[in-house]
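For reference, the structure is listed below as structure tokens.
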Amino acid sequence: HTVITGFERENLSFQVVKGQNKQKYIDAYVGKNNQESGIIYCATRKTVDHLYERLQQKGISVGRYHAGLSSTERETEQNRFLSDEITVMVATNAFGMGIDKSNVRYVIHAQMPKNMESYYQEAGRAGRDGLPSECILLQSEQDVQVQRFLIDQSFGDENHKNQELQKLYQMRDYCHTQGCLQAYILHYFGEQEADNCGRCSNCLDER
């Protein structure tokens, strides 16, 4: 038997938040959901460290994960998260490969990722137990500049960098679409018949 499934995750609700103070938003959201397990993704190590220290000062049970930590530190933090010793992990995209934690209730992207593939893979770490979970992207135009800088500094020829830039602009288009967010994602991955999900921030926007 061959089982073919689509990209849709019916228990996930997608949100794009623009024009808000990111730190205040995260403080409020994590504070309100302090019993829930969540991941906050950042584009740079500096942002991870800053958010980690800020949440720690507010009494949140938080860990951090990025390539600047030793392998022992990374493994310790990862295990603490998997065993529910800490509820929140602040991390770069170095975190998550092979992570099988079913009860992640939210994934917040504090900065826009570089492409839709990365975003959907990282956001998809929420709600693997099938229960309702939130995927929130905090977007600002400065994020585009950060990702352009990272692409410029990356290895690869000009053709590769141009391809990465095109994917970055598609990610930016996702943040500004007026249509259903999940339908945009599914269209990106080739599912042209995707219906509106009825639960993302755009579907629920009554303006």
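The values are calculated or read from the model by the stated rules, or taken from the named source; none is laboratory data. Here the structure is a predicted model, which is why all the values come from computation and not from measurement. Neighbour counts are summed over all protein chains in view; Cβ atoms, including those assigned to glycine, are modelled from backbone coordinates with ideal geometry. The area values use the complete protein model at the heavy-atom level, side chains included, leaving out ligands, DNA and RNA. Shrake-Rupley method; radii C 1.70, N 1.55, O 1.52, S 1.80 Å.
Some observations on this one:
- Of the whole protein surface, LYS58 contributes about 120 Å² of accessible area at a 1.4 Å probe radius.
- From the coordinates shown, volume of the Cα convex hull per residue in Å³ corresponds to which of (1) 175; (2) 296; (3) 153: (3)
- Euclidean distance between Cα centres, the stretch 178-194 to the stretch 6-30, Å: 18
- Residue among ALA183, TYR169, LEU138 farthest towards the positive dipole end of the stretch 122-207, charges placed on Cβ: LEU138
- Sequence of ARG74, ARG148 when ordered by accessible area, the most exposed leading, probe 1.4 angstrom: ARG148, ARG74
- Taken per residue, the accessible surface of the stretch 61-207 reaches 51 Å², heavy atoms only and a 1.4 Å probe.
- Heavy-atom accessible area ranking, 1.4 Å probe, most first, across MET97, MET89: MET97, MET89
- The stretch 42-107 - percent of accessible surface contributed by carbon and sulfur, probe 1.4 Å: 41
- Cα-only Debye scattering, the stretch 143-190: base-10 log of I(q)/I(0) at q = 0.13, 0.14, 0.18 Å⁻¹: -0.36, -0.41, -0.62
- Ratio Rg/Rh [Cα only; Rh per Kirkwood] for the stretch 1-79: 1.07
- The chain, helix-only ellipticity at 222 nm - DSSP H runs n ≥ 4, -39,500 (n - 2.57), divided by all residues, nearest 500: -12500 deg cm²/dmol
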